[in-house]
Amino acid sequence: MPDTTLPLLPSPPTVGVMGCVVQDVVVKPSQPLVPDGSTLSQILFAPGGFGPNVAWTAALEGASVRFVGHAGDDAIGSALVEDLQSVGVEVAVTRKGTTATVIVLVGGDGHRTMAYDTSSFRLSAEDVTEEQLSGISVLHLYENMFEDITAAGAWRAVELVRAGGGRVSLDAGNVFRIQQVGRNAFLELVDKLAPEVLFANEDEAGALWPSGPVRAPGLVVLKHGPQPTVVYAPDGRQLLEVDVAPVSQVVDTTGAGDAMAGGFLAAWAKGLSLREAVEAGHRVARRVVGEYGARLRPAR
């Protein structure tokens, strides 16, 4: 494979994204929180979820997108599904339980921490159908979808997409997940899944490949925040180093990685080069950190 070429996608290219529809509550205190006190804060209710954020960005970037997974069977879930549909995302989800919620606490430097309740997010193999996955050219998932309560559904989705000749894209998720399951078990899952593209940040890479080359069955897109993104071939060779343009002000880093993936996948679906796909991811991620919430506002 030439250094600047992504694997070809079946035509017509459709980006599939799997995950859980989430309600974010973004909180940015005006000063450090005080135990047993109260703090004036900016509070924003916003749609969220790793998968939906990726689907949203890819759709805004002009890709044909289908979101598959779970949404709460309640009024909030219905509103969040309609929100995705408003930017052209086709939604094919199982509706059950209550809507998952994430509290996003944003510090003065724009960096965030999260507390979440996704206890209603459960996918069995029966929840994932051939109709939902039919025609998907590349399916994007997060590694934590392969834990017990959603693993059967995730593997079923991968099986259906692979049977149709589609590709798989995986996000490592977060370094705490790697620490939770263990480096060896995590890498065994990656080897079994064999994604054509694996997204990871420098903390995740440090946990996965602490003393050796960056290696996976497919390409590894290694993000370093404001530093250049580096792409590695399956044999550990460095293929590309792509600079990140500076950001004038970081308001909220929530969703930056999701935006990066969404921009990358949309460029892949357009048949652009590997470098162009990374640059597209940088462009949308740079925009999303300049505003509150995990998603870009659509052009009006």
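Nothing in this text is a laboratory measurement; each read-out follows from the coordinates by a stated rule. This is a predicted model, so every value here is computed, not measured. Quick reminder, even Gly has a Cβ in these numbers, built from the backbone with ideal geometry, and neighbours come from all protein chains shown.
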A student applying the Cα gyration tensor rule (rounded when a/c is under 1.5; otherwise prolate if a/b is larger than b/c, oblate if not) would label the chain rounded
Here the equivalent ellipsoid of the range 1-149, derived from its Cα gyration tensor, has semi-axes (largest first, whole Å) of 31, 19, 14
To the nearest 0.05, the calculated FRET efficiency linking D109 and L40 through their beta-carbon distance, R0 being 25 Å, is 0.85
Once the in-chain neighbours fewer than 8 apart are removed, the lysines whose Cα is under 27 Å from K270 read K223
Between the alpha carbon centres of the range 35-109 and the range 186-220 the gap in Å comes to 27
